[in-house]
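Written below as structure tokens is the structure these notes are about.
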Amino acid sequence: MRGFPLRKRLLAVFLTALPALLAPSLVAQQRTEADFVIRNFQFRNGETLPELKIHYVTLGVPQRDTGGHVSNAVLLLHGTGGSLNGFLSERYSVLFQPGQPLDSSRYFIIIPDGMGHGRSSKPSDGLRTRFPHYDYDDMVEAQYRLVTAGLRVDRLKLVSGISMGGMQAWLWAEEHPEMLDNLFPLVCMPVAIGGLNRLWRDLAIYLITSDPDYQNGNSTSEHGLNQAIAMFELVIDAASLVRANAPDRDVADTLFNIWMG
């Protein structure tokens, strides 16, 4: 470096750091956020909804093959109680930066809010318990409509999801195998829900519906819901984390009383 002018040294350092400096803004520049509305959506149980809204974000731009088909689409699906914002958090968004596995300069990444979550149609929008009863099959069907009718994508390089999203990824492989190149479900298995996984769901439903203020879903109180959320956190958190948050009897009892409201 002897004899190398200081200005050139600074320029070299700047150019070396430039990709890292630009990485977050690249994602922001390629981001689109919108709603896709499905008219007269029919659920598997026969119920219908005049308008079903699926909120979504895309990162990157679609690339097309010689036949005009999108060739770089990836679908990401969030877990129970989550939303698309989880994938956009600091923890996960590094995946979309240059050189990373889901580099948004290479892939067209589709991230929807699942039915009943985020800014997609859900019971708490107003229908409450009159909202059609839905299951994973209905959620996958809505995602399929978004991808094919909304975004005009007929093939996916990858479908990946976490927990509930992973279970939906398995359903994608079962119901639309012709559309998938790769499948990467996380924190889930392709088996019927049973054991602890089923029991805590039953308990969550019980805590909500047995609340005296529930009133068949017309309650303005969140007491039962808060209890269900507390139970959910207790079930999914690692024992070491629970121990760290409640290291002795007094703290544990205080935390329990807060949960029970």
| remark: Listed by range, strands (runs of 3 or more DSSP E) wholly within segment 82-196 having at least 2 residues that are on the phi > 0 side of the Ramachandran plot and touching a residue at least 40 places away in the same chain (Cβ under 8 Å) are none
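Based on this model, can you work out whether residue 185 counts as touching a Gly at 6+ places or on another chain (Cβ under 8 Å) and either of a type in the set (S, T, N, Q) or under 19 Å from residue 135 (Cβ atoms) (or both)? Even if it seems obvious, please write down each step before you answer.
Numbers: touching a Gly at 6+ places or on another chain (Cβ under 8 Å): yes; either of a type in the set (S, T, N, Q) or under 19 Å from residue 135 (Cβ atoms) (or both): yes.
Spelling it out, residue 185 is indeed touching a Gly at 6+ places or on another chain (Cβ under 8 Å) and either of a type in the set (S, T, N, Q) or under 19 Å from residue 135 (Cβ atoms) (or both).
Give the residue that is modelled with the lowest pLDDT, with candidates limited to residues of segment 210-255 that are in a helix (DSSP H, G or I) and among the acidic types (Asp, Glu). Even if it seems obvious, please write down each step before you answer.
Going through segment 210-255, the residues in a helix (DSSP H, G or I) turn out to be 215-217, 223-236, 239-245, 249-255.
Filter once more, so that each one left must be among the acidic types (Asp, Glu): 233, 250, 253.
Details: 233: 83, 250: 96, 253: 94.
Top of the filtered list is 233.
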| message | Quick test for you: out of 158, 186, 196, pick the one residue that is surrounded by 18 or more Cβ atoms within 10 Å (Cβ to Cβ) and not acidic (Asp, Glu). | response | 158
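What is the residue count in segment 127-151 for residues that are among the β-branched types (Val, Ile, Thr) and within 15 Å of residue 51 (Cβ to Cβ)?
Residues of segment 127-151 that are among the β-branched types (Val, Ile, Thr), as a first pass: 129, 140, 147-148.
Applying the additional criterion that residues be within 15 Å of residue 51 (Cβ to Cβ) yields none.
Residues in segment 127-151 being among the β-branched types (Val, Ile, Thr) and within 15 Å of residue 51 (Cβ to Cβ): 0 in total.
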| message | Being under 26 Å from the mean Cα position of the chain (by Cα), surrounded by 14 or more Cβ atoms within 10 Å (Cβ to Cβ) and over 17 Å from residue 259 (Cα atoms) is the filter here; which residues of segment 199-215 pass it? | response | 201
| message | It is to be established whether one or more residues within segment 97-112 are surrounded by fewer than 21 Cβ atoms within 10 Å (Cβ to Cβ) and under 15 Å from the mean Cα position of the chain (by Cα). | response | no
| task | Report yes if residue 258 is modelled with pLDDT under 90, part of a helix (DSSP H, G or I) and loosely packed, with under 12 Cβ neighbours inside 10 Å, otherwise no. | result | yes
| note | Of the residues in segment 136-152 that are of a type in the set (A, V, I, L, M) and in contact with a Leu (Cβ under 7 Å, 6 or more places away or on another chain), the one that is nearest to residue 71 (Cα to Cα) is 147
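The values are calculated or read from the model by the stated rules, or taken from the named source; none is laboratory data. Only a predicted model underlies this, so the values are computations on that prediction, with no experimental measurement involved. Cβ: placed from backbone, ideal geometry, glycine included. Neighbour counts: every protein chain shown.
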